[in-house]
Amino acid sequence: MYGADTLRLWAASVEYWRDMSIGPKILEQTSETFRKIRNSARFILGNIGDPDIRAKSGLVPKDQLGLVSLGHVYYALENR
């Protein structure tokens, strides 16, 4: 089964002005892409640097995360 995040990434990556296809293979590919994005983000966040700097940095509010723009970046990279 696939989670809501996988479906959100699929919805952000489809060309909505054309017919949309969805199936087990497409969801599997989207899930793999989401896993790669999540693991890359974990790696980057784990290597930010000094633990004191990480402790001083606060959480970013959800409205500033830019999750929608991430979907647009993913779409642009897929269409290169």
Between Ile26 and Asn39, the two model label points (7 Å from Cα along the beta-carbon direction) sit apart by a distance in nm of 2.5
FRET efficiency (Asp5, Asp52; Cβ distance; R0 25 Å; to 0.05) is 0.20
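Quick note: the coordinates plus some simple rules give every number you see, no bench work behind them. Worth saying up front: this structure is predicted, and the values here are computed from it rather than measured. Don't worry about glycine lacking a Cβ; one is built from the backbone with ideal geometry, like all the others, and counts go over all protein chains shown.
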